[in-house]
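Every read-out reported here was derived from the displayed coordinates using simple, explicitly stated rules and does not represent laboratory data. Because the structure is a prediction, the values reported are computed rather than measured. All Cβ positions, even for glycine, are placed from backbone atoms using ideal geometry, and neighbour counts span all protein chains on display.
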Amino acid sequence: MAILQLIVNGVLLGGVLALSALGFNIIFGVMRVVNLAHGDILVLAALVCAVAYGQWHVNPLLLLPVTIVGGFAIGACIQRYLLRRLPAEIASGEASSLTLTFGLSYFFMGAGLWVFGGEFRSVPYLTSAFQLGPISVPQARLLAFVAAVVLAALLGLYLRTTRMGRAIRATSMNLDGALACGIDIETVRTFSFGLGSAVAAASGTLLSYIYTFNPQGGTAFTISAFAVIAIGGLGNYTGALLGALILGLAQSFTSFYAGSTLADAAPYVLFIIVILLAPNGLLGRRTT
Amino acid sequence: MTLVLRGAAGALLAVALIAPLGVNGYYLNLLYQTVLFVALAYGWNIISGYAGYFSFGQIAFFGIGAYATGLTIMSFQGNWFVGSLLGGLLCGIIAVPIGFVMLRLRGPFFSLGMLGLAMTVRALVSSTPQLGGGTGLFLPPGATLLPVYYWTLAIALAAFAITWWINHSAFGLQLQAIREDETIAGTLGVPQTRVKVTAFVLSAMIPGFAGGGYAWFLTFIEPTSAFSSRIDLQTIVMAVLGGVGTLWGPLVGSILMTQVSEALWAQFPQAYLMIFGGLLVALLILLPRGIVPAIASRLPPARAARERSGETGMVTAQMVSHE
């Protein structure tokens, strides 16, 4: 029965990880930038929720609009005021955008340490569980899962039906083609970075129901977002859901059998296995 | 210019050799931090600057070196110096398989992979009771900084010598050809995997050796200090400041920044990572090539070309003529 229970926990966690990975994927798809600050934005949002809950007992779900807008603003500013200013003539353009997000990751981690301190925080909300026969479904996890599914569906709808959403998808598919169609690439980039960060902040808000957070935990979430994408195949949304499911299960099982420290390593180990078995799948959508 | 540079380097070396004998603890510590970061920045520069594979996880090797030394002292009653040697060699050995796997990844995926490696090694060490777990290992007290300083200075000199060799050898040209365009380098007959893995191993051994001295100097190692985010970030900031992929950049960057960073770390430990993260972002935008190339490009053209030859452009053509 323990196994069934772990599967339920893993699936519920996977839903939220999938949302986080979607945000990471939008930014990578449009700009070919791996956002190393992804996890740190996620963690900052979660910490804001934890502090707000501690102070005023605000349900994190009510804070979603705040964290989404905040995440969007941060992301749009990163693209518009920092990444865009990187000198174009430098040969290693890819490396400098990457190093920039690496610096930002520490900037956010340091800001988090400065503002919130280093201690772990959590949201002890809805700590009870529904009993389904022998399986208990933790209410907080279920709520986070449902909210993540709703948000992911809204995001998918947005990318498919709106003008900006279609421009984002077009730019991801083919930059030159998008330019030829008269798409304003700079606006699309700013918007995508904003959207990707907003999704990161939203998943942090939802994960605050599940995990305890401190400002230094961001890297693990960046890796997990990337592992989900890598397992599922870059740019493949159905694949990302599958990847998130696998990762959620892996984390739920390792944390039960091997402890939570090693569970943090699970996404990484999966990532390495994928590299070894399917390196081409990983590099499939890399531009030259 | 070359003469001035040689003179300056000679004077610097003389200071590095003699000064520690006549200064008090505070300045000795500062000197130690400087040579430590010179060594680490040169180590990072080999794989990231010359091969173009930006690694954000070299701190993993530093930590492994530190723990190897801790273990040598605690479990085998060994000497810290022996531990440090073993740590560096261990890093060189494990870097071979790690390099084979990691260097199959290109660009950002390699960087992310290395970031994850550092995180995972730290998690593994934290959950291994034989290594002290999250609490760490207390080494016997009695460490004196002077031998650690000279050992780290030797590592820094070796790292500089390796970089000099890279700048003046076919191997170095092969590395830079890989950085410019790996596919073309391959068609020109560069044995990519061998060259990349060699560079990776060199880049891993330098922090591996240096970590041992650091552990002995601290007399206490735990995952957060051995796999320190601060050291990782600071190394990269220094290399970027001086000039990534240049012979003199890591030296200039480390010497300029160590004192500043020590002062900041002492004054604002809480905001330190934020300041340095922001500094890295600012450097990339305002001084993207670093100090050394910025100065070299202002020299008279012929010399500037020679100074720059190791840095951008035409590496592949140069390599063809070299062979």
For peptide A:222-231, what's the mean number of Cβ atoms from other chains within 10 Å of each residue's Cβ? 2
The alpha-carbon center of the stretch B:2-50 and that of the stretch B:138-208 are separated, in whole Å, by 17 Å
Per-residue ³J(HN,Hα) for the stretch B:147-152, Karplus 6.51 cos²θ - 1.76 cosθ + 1.60, θ = phi - 60°, Hz, x for Gly and Pro: x, 4, 4, 5, 5, 5
HN-Hα J couplings of the stretch B:75-82 from phi, Karplus 6.51/-1.76/1.60, θ = phi - 60°, integer Hz, Gly and Pro as x? 8, 10, 6, x, 8, 4, 5, 4
Note on chain A: contact order normalised by length, alpha-carbon pairs under 8 Å, 6 or more apart, percent, works out to 39 percent
Calculate the length of the line joining the C-alpha centroid of the stretch A:122-154 to that of the stretch B:241-260, in whole Å. 51 Å
Under 5 Å from the placed amide H of B:Ser127, counting only residues 5+ away or on other chains, we find none
Once phi is turned into ³J(HN,Hα) by the Karplus curve 6.51 cos²θ - 1.76 cosθ + 1.60 with θ = phi - 60°, what whole-Hz value does each residue of the stretch B:220-225 show in order, with x for glycine and proline? 7, 10, 9, x, 5, 8
Just tell me how shielded B:103-111 is by partners: mean number of partner chain Cβ atoms within 10 Å of each residue's Cβ, no decimals. 6
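How large is the helix-only mean residue ellipticity at 222 nm for the protein assembly as shown, computed as the sum of -39500 (n - 2.57) over DSSP H runs with n ≥ 4, divided by its residue count, in deg cm²/dmol to the nearest 500? Please list the in-between numbers first.
Values: 28 runs with 453 residues, N = 611.
Here the helix-only value at 222 nm equals -24500 deg cm²/dmol.
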If one compares the long axis through the Cα atoms of helix A:218-232 with the longest principal axis of the Cα atoms of chain A, the angle in degrees, nearest 10, works out at 80 degrees
Across the residues of B:122-130, average count of Cβ atoms on other protein chains within 10 Å? 3
Sorted peptide list for B:128-137, B:19-28, criterion being average Cβ within 10 angstrom, highest first: B:128-137, B:19-28
Could you list which residues have their amide H under 5 Å from that of B:Phe220, counting only those 5 or more apart in sequence or on another chain, with H placed in the peptide plane? B:Leu139
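Restrict the search to the stretch A:106-169; then list the trypsin sites (Lys or Arg not before Pro) that DSSP places in a loop and that have at most 11 other Cβ atoms within 10 Å of their Cβ.
Hits after loop and neighbour filter: nothing returned.
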Output needed for chain B: three equivalent-ellipsoid semi-axes, defined as square roots of 5 times the C-alpha gyration tensor eigenvalues, in descending order, whole Å. 31, 24, 18
If you take the charge dipole of the stretch B:2-322 about its Cα centre, with +1 on Lys and Arg Cβ and -1 on Asp and Glu Cβ, which of B:Ile275, B:Thr69, B:Phe81 is farthest toward its positive end? B:Ile275
